[in-house]
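Peer 1: Dropping a structure here in structure tokens format, bear with me for questions.
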Amino acid sequence: MNQDINFDQILDKYRSDPYEYVEIITPHTGKIRFHVENGTEVKAPSGTWRQNPGTLLYTINRERNPKKIHSTTTGVIADVRGDLEGHFVEAGEKILTIRHPLKKREIIEAILQKVLYLFPAPENAKYFFSMEVQSRIDKNGERDVFVEPGDEIIIMSLMKRDTPILYSGEPGIIHSVYFQPGVSVKQGTPLLGVCAPEKLPLVKEIINHVKAEWA
């Protein structure tokens, strides 16, 4: 990893464009009916368990089986494909974009993902910490948990089967957790950000630098 991270260059990017652009893709074929337009402000799911869905974006109807698609983030709608309204679309079609304003915490995490070792989800599945790791987190917090290759740290829940997942990255502490227990994660999405001991000073410098910049 790059120990000589160029803060000015990275921060300039976020100063000039502090947004994440979330592309919304159709999950399957069907007829589209939009419920938002360009400029509409949308909300993410809310509630303790995120039980309240986000803003309704569109409905896709396949074989008389309409499916409502809600926003998973906050932001403003852009690039709505109005030409597709009422038409049949293929799976994987980009139909709109959500311009999500990044918070300080999100900017820190985005930069840290260039420094930490990211342990990815091996499958589309739900994930939980192993009982031993969860116990250590409950006792001392995740950043006191040191992991090494071969450690059984995660349980993958897929098709009603629970499978232990062995850690295979560089040794270090669990610095960032990117999944919520029991919530589906796409294959390849980072589950954890692990920090090698020698990188801790750099990580602290990044956090302090961004906090000072966005104070």
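The values are calculated or read from the model by the stated rules, or taken from the named source; none is laboratory data. Computed from a prediction, not measured in an experiment: that's the story for all the values here. Note: ideal-geometry Cβ built from the backbone for every residue, glycine included; neighbour counts use all protein chains shown. These area figures cover heavy atoms from the full protein model, side chains too; ligands, DNA and RNA do not enter into them. Shrake-Rupley method; radii C 1.70, N 1.55, O 1.52, S 1.80 Å.
Peer 1: Quick check on my filter: what residues within the stretch 43-65 are touching a Gly at 6+ places or on another chain (Cβ under 6 Å), open to solvent by less than 50 Å² (accessible area, probe 1.4 Å) and part of a strand (DSSP E or B)?
Peer 2: Pass one, the stretch 43-65, residues touching a Gly at 6+ places or on another chain (Cβ under 6 Å): 43-45, 60-62.
After this cut, where a residue has to be open to solvent by less than 50 Å² (accessible area, probe 1.4 Å) as well, the list is 44-45, 60.
Within the stretch 43-65, Ile60 is the sole residue that qualifies.
Peer 1: Scan Arg136, Arg161, Arg143 and give me the residue that is buried (at least 16 other Cβ atoms within 10 Å of the Cβ) and among the charged types (D, E, K, R). First the steps, then the outcome.
Peer 2: On the way: Arg161 fails: buried (at least 16 other Cβ atoms within 10 Å of the Cβ); Arg143 fails: buried (at least 16 other Cβ atoms within 10 Å of the Cβ).
Answer to the selection: Arg136.
Peer 1: Please find, within the stretch 115-140, the residue that is farthest from the chain's Cα centre (by Cα) out of those that are in a helix (DSSP H, G or I) and among the aliphatic types (A, V, I, L, M).
Peer 2: The initial filter retains those residues of the stretch 115-140 that are in a helix (DSSP H, G or I), namely 131-140.
Adding the requirement that they be among the aliphatic types (A, V, I, L, M) leaves 131, 133, 137.
Numbers: Met131: 24, Val133: 22, Ile137: 21 Å.
By that ranking, first place goes to Met131.
Peer 1: Taking the stated definitions as given, is Ile111 farther than 27 Å from Ser157 by Cβ, of a type outside the set (D, E, K, R) and surrounded by 15 or more Cβ atoms within 10 Å (Cβ to Cβ)? Give the derivation first.
Peer 2: Working: farther than 27 Å from Ser157 by Cβ: yes; of a type outside the set (D, E, K, R): yes; surrounded by 15 or more Cβ atoms within 10 Å (Cβ to Cβ): yes.
Yes, satisfied.
Peer 1: Would it be correct to say that Phe7 is among the aromatic types (Phe, Trp, Tyr) and in contact with a strand residue (DSSP E or B) (Cβ under 6 Å, 6 or more places away or on another chain)? Break it down into steps so the answer makes sense when it comes.
Peer 2: Values: among the aromatic types (Phe, Trp, Tyr): yes; in contact with a strand residue (DSSP E or B) (Cβ under 6 Å, 6 or more places away or on another chain): no.
No: the conditions fail for Phe7.
Peer 1: Now a separate question. Among (1) within 30 Å of Val210 (Cβ to Cβ); (2) in a loop (DSSP other than H, G, I, E, B); (3) open to solvent by 80 Å² or more (accessible area, probe 1.4 Å), where does Glu37 come up short?
Peer 2: Result: Glu37 passes all but (1).
Peer 1: Of all residues in the stretch 141-200, how many are part of a strand (DSSP E or B), over 26 Å from Pro27 (Cβ atoms), among the small types (Gly, Ala, Ser) and in contact (Cβ under 8 Å) with a residue 60 or more places away in the chain?
Peer 2: Of the residues in that region, 2 qualify.
Peer 1: Now for a different question. Does any residue of the stretch 66-80 turn out to be assigned to a strand (DSSP E or B) and either among the acidic types (Asp, Glu) or touching a helix residue (DSSP H, G or I) at 6+ places or on another chain (Cβ under 7 Å) (or both)?
Peer 2: Within the stretch 66-80, the first condition is being assigned to a strand (DSSP E or B), and the residues that meet it are 66-70, 75-78.
Now narrow it down to the ones that are either among the acidic types (Asp, Glu) or touching a helix residue (DSSP H, G or I) at 6+ places or on another chain (Cβ under 7 Å) (or both): none.
No, there is no match, as no residue in the stretch 66-80 is assigned to a strand (DSSP E or B) and either among the acidic types (Asp, Glu) or touching a helix residue (DSSP H, G or I) at 6+ places or on another chain (Cβ under 7 Å) (or both).
Peer 1: Just to be sure I understand the filter: pairs with C-beta atoms under 9 Å, separated by 6 or more residues or on different chains, first member in the stretch 13-24 and touching a residue at least 60 places away in the same chain (Cβ under 8 Å), second member of a type in the set (S, T, N, Q) and open to solvent by less than 40 Å² (accessible area, probe 1.4 Å). Which pairs pass?
Peer 2: Glu20/Thr73; Tyr21/Thr97; Val22/Ser71; Val22/Thr73; Val22/Thr97; Glu23/Thr97; Ile24/Ser71; Ile24/Thr97
Peer 1: Take Tyr127 and tell me if it is modelled with pLDDT of 95 or more, in contact with a strand residue (DSSP E or B) (Cβ under 9 Å, 6 or more places away or on another chain), among the hydroxyl-bearing types (Ser, Thr, Tyr) and under 25 Å from Ser71 (Cα atoms).
Peer 2: Values: modelled with pLDDT of 95 or more: yes; in contact with a strand residue (DSSP E or B) (Cβ under 9 Å, 6 or more places away or on another chain): yes; among the hydroxyl-bearing types (Ser, Thr, Tyr): yes; under 25 Å from Ser71 (Cα atoms): yes.
So Tyr127 fits the description; yes.
Peer 1: Being surrounded by 15 or more Cβ atoms within 10 Å (Cβ to Cβ), more than 18 Å from the chain's Cα centre (by Cα) and more than 19 Å from Ile206 (Cβ to Cβ) is the filter here; which residues of the stretch 9-28 pass it?
Peer 2: Correct list: Thr26 only.
Peer 1: Further question on the same structure: Return yes when Gly92 is among the small types (Gly, Ala, Ser) and without any contact (Cβ under 8 Å) to a residue 60 or more places away in the chain and no when it is not. Even if it seems obvious, please write down each step before you answer.
Peer 2: Working: among the small types (Gly, Ala, Ser): yes; without any contact (Cβ under 8 Å) to a residue 60 or more places away in the chain: no.
No.
Yes/no matrix, rows are residues, columns are (1) free of Cβ contacts under 8 Å to residues at least 12 places away in the same chain; (2) on the phi < 0 side of the Ramachandran plot; (3) in contact with a Pro (Cβ under 9 Å, 6 or more places away or on another chain):
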residue	(1), (2), (3)
Arg33	no, yes, yes
Ser46	yes, yes, yes
Thr55	no, yes, no
Thr59	no, yes, yes
Ile77	no, yes, no
Gly82	no, yes, no
Glu85	no, yes, no
